[in-house]
Structures are given as structure tokens and as C-alpha cells.
Amino acid sequence: MFTLAERMGRLGTESAFDVLGKARALERQGRDIIHLEIGEPDFSTPPHIVAAAKKALDDGYTHYGPTPGLPELRQAIARHVSETRGIPVHPPRSSASPAEYRSRSPCGSSGTSASTWMSLNGGPGRRPGS
């Protein structure tokens, strides 16, 4: 019979699932929630993004990119935030990562993913395409 080491009982749950539970509780209270806490949004990927992803795969982009994000994307993010928010942002100070844990700043902050998402979508509370 297979038995787990005693220390396995000390493992907690992924904190994102704690956030998911809290988000669902708020939803039951009537709040409008966009679920991004476990890495999967509650809306379909827009067709132009699906087409771009297919093209990228066909073009050979099949490996992880640099940890802070592709330079072209970082430039686009910096330009967009600078133009739409009036905040001077320079590409070396921007980041775009597929996962929260990869986007932590040297200071230990992990808000880059949410900040990038909000800046590209017009701010908190706004659904894509609205």
C-alpha cells in the first residue's frame, strides 16, 4: 500500500483557490466578477487573438519568451500606457508575463499581471470588448 510522507499533510492549498472562493462569495452577493484568479477567464478568447496565436505557432513561436516579456510587447505596453494614461512608462520598466509568479518585480511585488491587464482593458470593472 502506498503511504504519503507525514510532511505532505502540512501542504496548504494554492492561494489562488482561496481567492476563487472569496470571488464566488462576492458573486453570490450580486457583485459582477471577472474571474482571473486561477488563470482562466470566464469569457472566450476574442477571434483576433486566436488567429494571432495560430499565426505565432505557425511562425515557430513555440517556446517560452524572456521572463519580463517580449521586447516588442513591452514597448507596445509602455507606449499604450503612456499615451492613454498620461503616465510616462519606459519599456525597461514594463513587464508582460504569462504567469503571476514570473512577473514579480525585484522589490517582491506581484501586481504586474493585474496592472498590465487593467491598463490594456481600460481599468478595473470593465469587461473586454465593452
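Between F43 and T67, take the C-beta separation as r, use R0 = 35 Å, and let me know the FRET efficiency to the nearest 0.05. Walk me through the intermediate numbers first.
Working: r = 27 Å, r/R0 = 0.78.
The pair F43/T67 has a calculated efficiency of 0.80.
Between the beta carbons of M8 and I34, assuming R0 = 35 Å, the FRET efficiency works out to 0.55 to the nearest 0.05.
If R0 equals 35 Å, the separation of the Cβ atoms of F17 and D59 corresponds to a calculated FRET efficiency of about 0.50.
Taking every pair of Cα atoms in segment 18-60, average 1/r, invert it to obtain the Kirkwood radius, and report Rg/Rh to two decimals. Don't skip to the answer; put the middle values down first.
Values: Rg = 15.2 Å, Rh = 12.5 Å.
Rg divided by Rh gives 1.22.
Bear in mind that the values in this text are calculations on the coordinates, not laboratory data. It should be emphasised that the depicted structure is a prediction, and the values quoted were computed from it without experimental measurement. Positions of Cβ are backbone-derived with ideal geometry, glycine not excepted, and every protein chain shown enters the neighbour counts.
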